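Report on the following structure.
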Amino acid sequence: MFEISLTMALPLIIIGALLIAYCWYDIARTDRPLLVPKWLWAVLVLVLVPIGPIAYLSFEKLGILQTPGSVSEELTTKMGGNLYFRGH
């Protein structure tokens with residue numbers, strides 16, 4: 001059978017741990033409303049490696065799926081209480 005040594009798996013373990021740490025840090029410091037509660041994202045990121053962190057980064061950080069009527073944080077800037085598209 002095929003054997004996997006610790007030497008072969010160590011880079012993937014380190015990358016996975018760093019990905020989890022980054023997602024947890026981002027979840028903890030965000031003030032914007034999330035599609036899923038923070039505590040649930042924290043659990044999903046830990047339990048569903050690598051699907052959980054990838055889902056968090058895709059849906060929350062990149063804004064692939066947003067709540068209806070919301071404008072991406074990346075596309076807007078707040079000036080005097082009004083939202084303006086950058087470059088317009």
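The values are calculated or read from the model by the stated rules, or taken from the named source; none is laboratory data. Everything numeric here is computed off the predicted structure, so don't read it as measured data. All Cβ positions, glycine included, derive from the backbone under ideal geometry; neighbour counts span all protein chains shown.
Table for the structure above
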{"read-out": "Pairs, first in contact (Cβ under 8 Å) with a residue 12 or more places away in the chain in region 1-24, second hydroxyl-bearing (Ser, Thr, Tyr), C-beta under 8 Å, six or more apart", "value": "23/56"}
{"read-out": "Hits in region 55-64 - residues which are without any contact (Cβ under 8 Å) to a residue 12 or more places away in the chain and hydroxyl-bearing (Ser, Thr, Tyr)", "value": "58"}
{"read-out": "Meets criteria (among the acidic types (Asp, Glu), in a helix (DSSP H, G or I) and closer than 19 Å to residue 59 by Cα) for residue 31", "value": "no"}
{"read-out": "Residue list for region 49-88, filter: modelled with pLDDT under 85, among the β-branched types (Val, Ile, Thr) and closer than 25 Å to residue 17 by Cα", "value": "64"}
{"read-out": "Region 27-48: number of residues that are crowded, with 16+ Cβ neighbours inside 10 Å and either under 8 Å from the mean Cα position of the chain (by Cα) or modelled with pLDDT under 90 (or both)", "value": "1"}
{"read-out": "In region 1-26, residue farthest from the chain's Cα centre (by Cα) [restricted to those that are exposed (fewer than 14 other Cβ atoms within 10 Å of the Cβ) and under 19 Å from residue 62 (Cα atoms)]", "value": "18"}
{"read-out": "Close pairs (6 angstrom Cβ cut-off, 6 or more residues apart or separate chains): closer than 20 Å to residue 15 by Cβ in region 32-54, surrounded by fewer than 16 Cβ atoms within 10 Å (Cβ to Cβ) and small (Gly, Ala, Ser) anywhere", "value": "49/16"}
